[in-house]
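What follows is a short report on a single structure.
Every read-out reported here was derived from the displayed coordinates using simple, explicitly stated rules and does not represent laboratory data. Just so we're clear, the structure is a prediction, and the values are computed from it rather than from any experiment. Quick reminder, even Gly has a Cβ in these numbers, built from the backbone with ideal geometry, and neighbours come from all protein chains shown.
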Amino acid sequence: MILTQDWTRDWEIPRLLKFLAICWGVSGLLLLTYRYLVRYTPIGSLLNGVRAHPKLRERS
């Protein structure tokens, strides 16, 4: 969050739009990171318990 605030410091747009862009951008990045790097990995099993991947569940 702080890094994106630093990157957007010099943007010549209204503060509200800058705030929304930072919030949406960081939230999207975090959701993608969770989806592909955490959810069906050992880290995800540790945090949430064992989950079967939906595509693997359909085959059985």
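Tabulated data
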item: Listed candidates (i) 20, 28, 23, 16, 10, 3, 0; (ii) 20, 32, 22, 17, 9, 1; (iii) 23, 61, 15, 1 - label of the one calculated as P(r) over Cα pairs in 10 Å bins from 0, in percent; result: (ii)
item: Charge dipole of the range 1-40 about the Cα centre (unit charges at C-beta), most positive-ward option of Leu20, Leu30, Trp7; result: Leu30
item: Stretchable slack from Ile43 to Met1, in nm (0.36 nm times residue separation minus alpha-carbon distance); result: 12.8 nm
item: Within the range 3-42, trypsin sites (Lys or Arg not before Pro) in DSSP loop having at most 11 other beta-carbon neighbours inside 10 Å; result: Arg9
item: Rounded to the nearest 20 debye, dipole of the chain from Cβ charges on Lys, Arg, Asp, Glu; result: 420 debye
item: Value at 222 nm in deg cm²/dmol, rounded to 500, when DSSP H runs of n ≥ 4 in the chain each add -39,500 (n - 2.57); result: -21000 deg cm²/dmol
